[in-house]
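Report on one structure; see the data block that follows.
The values are calculated or read from the model by the stated rules, or taken from the named source; none is laboratory data. A quick note: this is a predicted structure, and the numbers were derived from the prediction, not measured. Using ideal geometry, Cβ is built from the backbone for each residue, glycine included, and neighbour counts are taken over all protein chains shown.
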Amino acid sequence: MHTRRTLLKRLAATGVLGTLGASGIAGLCREALANGNTPIVPGLRTLKGDVRVNGKPAQVGQRIAHGDTVITGRGGEAIYVIDQDAFMQRENATVSFGADATQKLMRVVTGKILSVFGRGERSIQTSTATIGIRGTGCYIEDEGTGTQARTYFCLCYGSVELVPTAAPNERAEYATTYHDKPMYVHNDMKMPTMMVPAGVINHTDMELELLESLVGRVPPFYGNSDRKY
């Protein structure tokens with residue numbers, strides 16, 4: 001796909017995504033270019049710092065499977081691919097994937113993760129919400145458990161059914177095309193509503209483009225001159 005090759009060349013040339021090291025980002029893009037339109041083989045594509053899979057130190061190239069838990073420590077960060085989904089997991093995060101591949105379940109125990117998903121439905125659980133998504137790119141920051149807990153959720157594009165754990169009656173369904181409705185989802189029944197509008201924080205279009213390129217796609221906003229993130 002011409003647009004994908006153009007995207008990869010641009011990503012390989014930029015230093016914007018330097019959190020994992022410029023050589024690591026450029027290496028991912030060079031690999032994808034070499035593979036043409038074939039998605040990169042699933043697995044851990046690049047890592048920084050303390051990254052563990054099921055409690056053991058992770059290695060680049062290691063497969064991440066359904067049933068696995070990925071943990072990043074302080075200063076840790078990882079990019080990995082599972083099937084047609086790709087993830088950028090920030091430091092101090094714990095993310096588990098359901099053992100039943102047909103259920104497509106992902107649990108964000110704590111921390112920050114940017115994700116892009118292929119076709120079909122996925123279910124995400126956080127400390128404050130159950131999130132059903134389809135054809136989606138999304139960013140999540142989960143601050144942990146308790147009545148003061150909250151989860152940041154940005155549906156970068158795609159469709160979602162968002163159900164706050166503390167108030168299922170506030171269930172919301174919506175679709176976005178470009179970071180249109182970021183939310184904080186709370187777990188405090190003293191608040192008048194569990195879902196509060198938020199701004200776009202801590203994730204960029206370039207990062208979404210990188211993740212989509214790893215699974216042979218471009219994001220729907222690619223080529224839009226009005227983009228601002």
Determine which single condition residue 147 fails, assuming it passes every other condition in (1) crowded, with 21+ Cβ neighbours inside 10 Å; (2) among the polar types (S, T, N, Q); (3) modelled with pLDDT under 95. (1)
Given (1) buried (at least 21 other Cβ atoms within 10 Å of the Cβ); (2) within 15 Å of residue 108 (Cα to Cα); (3) in contact with a Ser or Thr (Cβ under 8 Å, 6 or more places away or on another chain), identify the lone condition not met by residue 154. (3)
If we scan segment 186-207, do we find a residue that is assigned to a loop (DSSP other than H, G, I, E, B), buried (at least 20 other Cβ atoms within 10 Å of the Cβ) and either of a type in the set (A, V, I, L, M, F, W, C) or without any contact (Cβ under 8 Å) to a residue 60 or more places away in the chain (or both)? yes
All but one of (1) modelled with pLDDT of 95 or more; (2) over 30 Å from residue 45 (Cβ atoms); (3) assigned to a loop (DSSP other than H, G, I, E, B) hold for residue 178; which doesn't? (2)
Complete set of residues in segment 32-58 that are outside any strand (DSSP E or B), surrounded by fewer than 13 Cβ atoms within 10 Å (Cβ to Cβ) and modelled with pLDDT of 95 or more: 55
Is there a residue in segment 159-170 that is surrounded by fewer than 16 Cβ atoms within 10 Å (Cβ to Cβ), closer than 21 Å to residue 211 by Cα and of a type in the set (S, T, N, Q)? yes
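Would you check if there is a residue in segment 212-228 being part of a strand (DSSP E or B) and closer than 21 Å to residue 95 by Cβ? Steps first, please.
The initial filter retains those residues of segment 212-228 that are part of a strand (DSSP E or B), namely none.
Within segment 212-228, not a single residue is part of a strand (DSSP E or B) and closer than 21 Å to residue 95 by Cβ.
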If you take the residues of segment 81-102 that are in a loop (DSSP other than H, G, I, E, B) and not aliphatic (A, V, I, L, M), which of them is nearest to residue 64 (Cα to Cα)? 83
